[in-house]
1. What about Arg354, is it in contact with a helix residue (DSSP H, G or I) (Cβ under 9 Å, 6 or more places away or on another chain), open to solvent by 10 Å² or more (accessible area, probe 1.4 Å), within 21 Å of Ser495 (Cβ to Cβ) and modelled with pLDDT of 80 or more?
2. Picking from Val510, Val517, which residue would you name as being assigned to a loop (DSSP other than H, G, I, E, B), open to solvent by 10 Å² or more (accessible area, probe 1.4 Å), in contact (Cβ under 8 Å) with a residue 60 or more places away in the chain and not charged (D, E, K, R)?
3. Tally up the residues in region 513-550 that are closer than 17 Å to Leu290 by Cβ and over 32 Å from the mean Cα position of the chain (by Cα), please.
4. When you go through Thr144, Thr122 one by one, which is the residue that is touching a residue at least 12 places away in the same chain (Cβ under 8 Å), open to solvent by less than 10 Å² (accessible area, probe 1.4 Å), in contact with a strand residue (DSSP E or B) (Cβ under 7 Å, 6 or more places away or on another chain) and of a type in the set (S, T, N, Q)?
5. Sort out which residues of region 150-165 are open to solvent by 50 Å² or more (accessible area, probe 1.4 Å) and closer than 19 Å to Asp61 by Cβ, and write them in order of number.
6. State the number of residues belonging to region 535-552 that are assigned to a strand (DSSP E or B) and farther than 10 Å from Glu506 by Cα.
7. What is the one condition in (1) assigned to a loop (DSSP other than H, G, I, E, B); (2) closer than 30 Å to Gln318 by Cα; (3) not charged (D, E, K, R) that Ser455 does not satisfy?
8. So which residues in region 468-487 are part of a helix (DSSP H, G or I) and surrounded by 14 or more Cβ atoms within 10 Å (Cβ to Cβ)?
Amino acid sequence: MIAFLLLPQSAAGRWLAAALLALCAALLHRPALAQPREADGPRQQTESPYFLVRGDTPGVDALPLKATEVSVQVSGVIAEVRVVQHYRNEGQVPIEADYVFPGSTRAAVGGLQVRLGERVVTAQIREKQQARIEFAAAKQEGKTAALLEQHRPNVFQMRVANILPGDDVQVELRYTELLLPQDGRYEFVFPTVVGPRYAHAASQGGNAWAAQPTLRAGRPPASRFTLQMQLDAPLPLQDIRSRTHAIDVTQAQDRPRHASVRLADGSGPANNRDFVLDYGLAGDQLAAGLMLSEGQGPKAENFFLALVAPPQAVAATQIAPREYIFVVDISGSMHGFPLDTAKTMLQRLIGGLRQTDRFNVLLFSGSSRMLAPQSVPATQAHIARALSALDQTMGAGGTELIPALRRVYAEPKTPDVARTIVVVTDGYVTVEQEAFALVRRHLNQANLFAFGIGSSVNRALLEGLARAGGGEPFIITDPVQAPEQAARFRRMVESPVLTHVRLQFEGLDVYDLEPAVQPDVLGQRPVVVFGKWRGRPQGRMLVQGHTAAGPWQQAVEVQPVPPGQAAALPALWARHRIAQLTDQEALEGGDAQRAAITQLGLDYALLTPYTSFIAVDQVVRKLAPAASQRVQQPQPLPQGVGERALGESATVIAGAEVPSTPEPETLGAVLLVLSVLAMLRRRAQRTRNGSFTR
């Protein structure tokens, strides 16, 4: 820089311009290496996604997954899903295939089999680290083995070791899930692709599952995908449709409760987006049902599922009286956008109440206060007073959620009133361990819905509170979402059908009910109860509650249990219990529930964050000492997602350097160069105009 200042001005300008242009060109054309290379050249594994080029390594099959076949059997409200993945090694060397794939967050994954030629190996459930040890040992010994792990509640990884050239390996996994209606319609979702996941360096934690290869945009998946479903319902099926795929539906007129569904031929790639199918049931009365499953053996357990379903269309005369208590966080963390958005949303919710409804508002931070000693009718005067008080509220102080909830639950309630508690918070609270238990204990008094407002709310707390309270979580990250979420909430709670729900079992010895107490039956949401029973299947279930017309009850007789009926109930019961423990663990941090979750996974043969499935073929097949080539099966880009979703780090294509979007530091340097050049140009212009003074 000193040498530059000693040059004549015009020469210095020309020199600097040339130098800066050269620097700019070098920065712009510098290859972005998402995956640094070792001295000998091969690409190291990182947490970045990358594009795949077929034939990158001679003799290695880079696309070993050839087909995925999905079969679904829906019986009542239970879906039993069978997924068969076909792996074939069309290369010249043994490979280990890795495949990251999505799953349902409600799935109870309870079975894995590996078929190799005529041999079938049934997987065993193991503690996660033990399963990894057994898989590594089998791979080292030259045995074909499969390992299934859960990395996220909806992301799984399959690893198949020692697939020899010409091998055709079929891996079959099975799971069950409960289907519950939304907006009055039942919905089944089968996710097909894991979209690009960005993992910050500080949060990678060594999870190689994020380092998935991805096909280039517009390139169809190389593997074949088929899906077929059989639907059997207790009521006639109506309006079966898919908003995501073209389907063929077969439904005989004399069998309105049964239908067959499959993907339509010639509709293009089907596994680059989730498959979603929904349907309606032609029920017009409030009804209850009971399903039993009987175990086998001296230590076997028996399970049941009870369902109290609302009518498909709820008349105004069927709607029970309603009461809403809004529990609003006004602590310091809510100051600004969160509290302003909460005020706008509450104006819509409170302003939309009927005059026959009652409501109250509890404001809490370090302490709490009710706007009225007790709930008041939703008259214009009371609504105006509540909105005025909210408008004058400023965010300040700490956040004491538990005392606020205790105060709300202490409010007297009449049996025929449907009480809904709406918690509005960003979730930045330290909540005692009793939080979820407190909400569950009062399920027969109120449903709880949680609104999380803020750019980065505590989803674990909000989703866990909503599940514990028999409600739904609503997340609002910007003001634009507030009207839509408020309208969705209104649709969900505007039609309470049955309140103060109680289940009584006469002659049937039941225990371990989930949930232990029952929430209200809403117009778009049934009440589902899992449990266990012992002794003889006899007696009846009596469902009691209050409707708008007064007390209501229905008796359901216990029927003899056919062999094999509802075999999925043990897994669904355990999955429900695991979800509760996972919520508690996410709230507390750490792995305090690890032992309990692991034991449930081992006892009920379920995939969990701490248990995995391992299948090992005991035949030693790879005698040569040469190591297998590890191949990560590529994911297609989800439909409608461009390559920018992978970021600049994904522009390394199987180890080849290609131009990419400049990295942030490169962009900063380029902007500096352009700014200096612009300054020099203005300076030179002033010199020519005689306006420059030394």
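1. no
2. Answer to the selection: Val517.
3. Count: 12.
4. Testing whether each residue is touching a residue at least 12 places away in the same chain (Cβ under 8 Å), open to solvent by less than 10 Å² (accessible area, probe 1.4 Å), in contact with a strand residue (DSSP E or B) (Cβ under 7 Å, 6 or more places away or on another chain) and of a type in the set (S, T, N, Q) leaves just Thr144.
5. Residue satisfying the conditions is Pro165 alone.
6. Number of matching residues: 8.
7. Of (1) assigned to a loop (DSSP other than H, G, I, E, B); (2) closer than 30 Å to Gln318 by Cα; (3) not charged (D, E, K, R), only one is false for Ser455: (2).
8. Ala468, Gln481, Ala482, Gln485, Ala486
The values are calculated or read from the model by the stated rules, or taken from the named source; none is laboratory data. Nothing here was measured: the structure is a model prediction, and the numbers come from that model. Positions of Cβ are backbone-derived with ideal geometry, glycine not excepted, and every protein chain shown enters the neighbour counts. Please note that ligands, DNA and RNA were not included when accessible areas were found on the heavy atoms of the full protein model with its side chains. Shrake-Rupley method; radii C 1.70, N 1.55, O 1.52, S 1.80 Å.
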